[in-house]
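Below is one structure, written out as structure tokens, with a few remarks after it.
The values are calculated or read from the model by the stated rules, or taken from the named source; none is laboratory data. For clarity, every value in this text was computed on a predicted model and none was experimentally measured. Neighbour counts run over all protein chains shown; Cβ positions are idealised from the backbone, glycine included. Surface areas here come from the heavy atoms of the whole protein model, side chains and all, with no ligands, DNA or RNA. Shrake-Rupley method; radii C 1.70, N 1.55, O 1.52, S 1.80 Å.
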Amino acid sequence: MALYSDKVMDHFQNPRNVGKMDDADGIGEVGNARCGDIMRMYIKVDPESQTITDVKFNTFGCGSAIATSSMATELIKGKPISQALQLSNKAVVEALDGLPAYKLHCSVLAEEAVKAAVKDYYDKNGIAYGPELQSCDGDCESCGVEH
Amino acid sequence: MNVYADNAATTAVSQAALDAMLPCFQDIAGNPSSLHSPGQRAAEKLEEAREIFARRLHASPREITFTSGGSEADNQALRSAAALGARKGKKHIVSTKFEHHAILHTLTALEREGYEVTLLDIPPDGVVTAQQVKDAIREDTCLVTVMFANNEIGTIQPIAEIGAVCREAGVLFHTDAVQAAGHLPIDVEEMKIDLLSLSAHKFHGPKGVGVLYVRRGIPLVNLIYGGAQERGKRAGTENIPGIVGAAAAFDEACANMEKNAAYLTPLRDKLIAGLTAIPHSILNGDAQRRLPGNVNACFEGIEGESLLLLLDAKGIAASSGSACTSGSLDPSHVLLALGRPHEVAHGSLRLSLSEYNKPEEIDYILEVLPGIVQYLRDMSPVWDELEQGQRPHII
Ligand SMILES: Cc1ncc(COP(=O)(O)O)c(C=O)c1O
Ligand SMILES: [Zn+2]
């Protein structure tokens, strides 16, 4: 279908880093089945360097939700947490050579999922964080944040 | 293998329809309103087409108006009945929650203009009852509009019974027969239908041609003003090739109706059996009272658009009622009206067959589909939670 770019179709049909991670250091789940897209992201963190050494995802959603999940994992894998937190959905969409305008809302979850996974890691390890991570409880309907 | 299983969206033009159309582009190229011979030849073609629709619907030719499609026919039918009602001080309309948007959005517009609309609930089998209609009719009801067959779940409505209820109550009855025409027997006399819409591209006719049947004596309101075409009720030089193709396709579809239904029904039932054999799946709409080519099922734990994309990659063209295929945040209003929760409605698949589909294609769909559903479920956090018992299975 010409609905999506070749990059999107590639990441949709051959998603990178898909699957569960049993020994994850942080797990973030955002979206809800009501809206039609749910993304769960697992991260493994090296405590010394605060680097994301491994990442996996599970996504329920459309082609663009799955493709953005896949691309987001590629963009943060091996990166320091500080850098991963800078990931914007815009950057994910650009890396995918764009999405149709009405599909942009499906890409927001990728950025949110990364933040939620990091927040979970921080919570589990008693690491303090700022208000920017506190806003996402993973529920699109109660989320007042503009994306 | 390439399988086109989206015939409820639109169909390919039949050879008979194409053969009928081709001369109308060059040899019969006059304007039916012109006095000269080329014009009159076109006028003859137009009237022949009108007669075919009239005969097949058990109507008379003057009750047939050609439009640009099903949507226009629906709009004009509702506006005409509403205007007639208003003149008598009746401004209440009864319809159903699972009509096509061509109906629902026209009703919303009428509401803004002061009409009151009652939308009937959809029973779990996807078939509204004449009793529901009867109970909803009031003193000030001017129109009942109930679709002949639903475009998503294919369920066939008791049109003759509803027609009888409306006639008895003295209320106009319109039916959107876009999905039924050419596939199910229609007799406007026997079924007491006052207004009916159909669209040629759903029965192997061309796109952009519709028919509005209006019982004699019911005045039409113009949507398009201009010349005197269609007895002054629908201005614009007639789409002669399209109308001629539509009539040829309709004639062919009606002539082969029983044969096509006998061919399609077992294929449909085989698909239904195969789809519902997938764990945590459910058929949408009654298994028997549905169009011979319609299959619609939900699969828990997955989302419809990704299902369609993966089917498309395997050469299978289908459709879904998921939100992500509609561009809105809500899944199909039809599935919601049927009582499917949002999370289940997102995972719907519609396969709609025509007599052009081959039995091997059904086997191919059934070979490919279970693996795709499983693949998406394996990727889905929702499926994971369902399997872990962290959330209850709904279906
Ligand atoms: C039930 C129903 N009504 C109306 C329409 C609109 O018909 P058209 O596309 O010819 O305007 C359709 C087709 O999508 C339909 O399925
Ligand atoms: Zn989406």
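With the alpha-carbon atoms of the stretch B:15-255 aligned to their principal axes, the span from lowest to highest coordinate is 54, 36, 27 Å, starting with the largest. The trypsin sites (Lys or Arg not before Pro) of the stretch B:48-151 that meet both conditions, a loop assignment by DSSP and at most 15 other Cβ atoms within 10 Å of the site Cβ, are B:LYS88, B:LYS97, B:ARG138.
Using alpha carbons only, how many degrees (0 to 90, rounded to 10) separate the axis of helix B:257-276 from the longest principal axis of chain B? The angle comes out at about 20 degrees. Between helix B:359-379 and chain B there is an angle of about 50 degrees, using the helix long axis and the longest principal axis of the Cα atoms. Couplings 3J(HN,Hα) for the stretch B:146-154, derived from phi with the Karplus relation 6.51 cos²θ - 1.76 cosθ + 1.60 (θ = phi - 60°), are 9, 5, 5, 9, 6, 6, 8, 9, x Hz, where x marks Gly and Pro.
3J(HN,Hα) couplings calculated from phi for the stretch B:94-110 with the Karplus curve 6.51 cos²θ - 1.76 cosθ + 1.60 (θ = phi - 60°) are, in sequence order, 10, 8, 10, 6, 10, 5, 5, 4, 4, 7, 4, 6, 5, 5, 4, 5, 5 Hz; Gly and Pro show x. Residue by residue along B:335-348, Cβ atoms of other protein chains within 10 Å of the local Cβ number 2 on average. What's log10 of I(q)/I(0) for the protein assembly as shown at q = 0.06 Å⁻¹, Debye sum over Cα points only, no solvent? Log10 of I(q)/I(0), two decimals: -0.36. Inter-chain neighbour count for A:57-70: the average number of beta-carbon atoms from partner chains within 10 Å of each residue's beta-carbon is 6. Measuring r between the beta carbons of B:HIS58 and A:GLU74 and using R0 = 51 Å, the FRET efficiency lands at 0.20.
Computed from Cα atoms, the angle from the helix B:304-313 axis to the main principal axis of chain B rounds to 90 degrees. Of all DSSP beta bridges confined to chain B, the antiparallel ones make up roughly 55%.
Here B:LYS91 is the anchor, and the aspartates and glutamates within straight C-alpha reach of less than 15 Å, apart from those fewer than 8 places off in the same chain, are B:GLU111, B:GLU113, B:GLU116, B:GLU139, B:ASP140.
Per-residue Karplus couplings for the stretch B:128-141, computed as 6.51 cos²θ - 1.76 cosθ + 1.60 with θ equal to phi - 60°, are listed in order as 6, 10, 4, 5, 4, 5, 4, 5, 8, 5, 10, 4, 9, 6 Hz, Gly and Pro entered as x. Mean-square fluctuations from a GNM of chain B, with a 10 angstrom spring cutoff on Cα atoms, peak among B:ALA247, B:ALA262, B:ALA317 at B:ALA262.
Once Rg and the Kirkwood radius are both taken over the C-alpha atoms of the stretch A:6-122, their ratio Rg/Rh works out to 0.95. Each DSSP beta bridge with both residues in the protein assembly as shown is either parallel or antiparallel, and the antiparallel ones are about 65%.
For the stretch B:15-255, the solvent-accessible area works out to 39 Å² per residue, with a probe of 1.4 Å and every protein chain left in place. The fraction of all Cα pairs in the stretch B:159-256 landing in successive 5 Å bins from 0 to the largest distance is 3, 13, 19, 20, 20, 15, 8, 2, 0, given as whole percents. Given B:ALA337, B:GLY347, B:ILE372, which one lies farthest toward the positive end of the charge dipole of the stretch B:321-394, if we put +1 on the Cβ of every Lys and Arg and -1 on the Cβ of every Asp and Glu? Toward the positive end, the furthest listed residue is B:ALA337.
Please compute, for peptide B:381-387, the average count of beta-carbon atoms on other protein chains lying within 10 Å of each residue's beta-carbon. Across B:381-387, the average partner-chain Cβ count within 10 Å equals 5.
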